[in-house]
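Asks: Below you'll find the structure I mean.
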Amino acid sequence: MKREELESRLVELRPELQGFVRKHAGRVLRFETSEDLTQGVIVRALDRADDVAAGDEKTLLAWVYRVARSHLADRHRHWSALKRGSGNLLRLSGSSDATTDPQAILLPAIDATGPSTFASRREQVVTAVRALDLLLERDRELVRGYCDGRTIAEQAEVLGLEYDAARRAQSRALERFRKAFRVLSGTRT
């Protein structure tokens, strides 16, 4: 099927696809809207336009639903993985110091609990993930490595850099992440 033809058919199927996403997205809807998820499914379907054969509406809809399930599963894995390390990422986003000690972010950031705290934290996690997604791939890896507690020497080995170059790159990546987080959260510093 040609991409243009698939695109026009997906526009027609969008309401059904959005209903499918709302029904099957589950916990992913805590972090992303059904409209964003639907758009992600459409983009993924268009990327795989060569995989679908021209056929009737029922065949196309079944194929689109398979693509949607795959996209939703990927988004679920994405958010689940980030949830496991979200405390470190949030401590990093809130810290204004330029420490190079990855163990410094492993201390608890807050000991209060309650519904408002959980809602606020979820919003902060979403903002931190979006800030992380704005970075270049290398910067993302440096920030993730820092949050995972990797030393600069380990980061240098993974990236194939000298120690000093890795230290400078990590420092720049952390600052870029903090700036992106501040911009997305609307705070000025």
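The values are calculated or read from the model by the stated rules, or taken from the named source; none is laboratory data. Computed from a predicted model, the values in this text were never measured in an experiment. As a convention, Cβ positions derive from the backbone with ideal geometry for all residues, glycine included, and neighbour counts pool all protein chains shown.
Asks: Confirm whether V28 is in a helix (DSSP H, G or I), among the aliphatic types (A, V, I, L, M) and exposed (fewer than 14 other Cβ atoms within 10 Å of the Cβ).
Replies: For V28, the condition - in a helix (DSSP H, G or I), among the aliphatic types (A, V, I, L, M) and exposed (fewer than 14 other Cβ atoms within 10 Å of the Cβ) - is not met.
Asks: Of the conditions (1) in contact with a helix residue (DSSP H, G or I) (Cβ under 7 Å, 6 or more places away or on another chain); (2) at pLDDT below 85; (3) aliphatic (A, V, I, L, M); (4) in a helix (DSSP H, G or I), A104 clears all except one; give me its number.
Replies: (1)
Asks: Which one is modelled with the lowest pLDDT, of the residues in the stretch 63-78 that are farther than 12 Å from L17 by Cβ and either surrounded by 15 or more Cβ atoms within 10 Å (Cβ to Cβ) or of a type in the set (A, V, I, L, M, F, W, C) (or both)?
Replies: My answer is H78.
Asks: Checking R9 against (1) in a loop (DSSP other than H, G, I, E, B); (2) surrounded by 15 or more Cβ atoms within 10 Å (Cβ to Cβ); (3) more than 25 Å from the chain's Cα centre (by Cα): exactly one of these is not met. Which one?
Replies: (1)
Asks: Another question about this same structure. Can you pull out every residue in the stretch 141-174 that is surrounded by fewer than 16 Cβ atoms within 10 Å (Cβ to Cβ), within 29 Å of F31 (Cβ to Cβ) and not small (G, A, S)?
Replies: Across the stretch 141-174, the qualifying residues are D148, V158, R172.
Asks: Could you please find all residues in the stretch 175-189 being surrounded by 19 or more Cβ atoms within 10 Å (Cβ to Cβ) and out of contact with any helix residue (DSSP H, G or I) (no Cβ under 6 Å at 6 or more places or on another chain)?
Replies: R178
Asks: Quick one: which helices (runs of 4 or more DSSP H) lie wholly within the stretch 115-189 and hold at least 2 residues that are at pLDDT below 85 and closer than 22 Å to D36 by Cβ?
Replies: Ranges flagged: 115-134.
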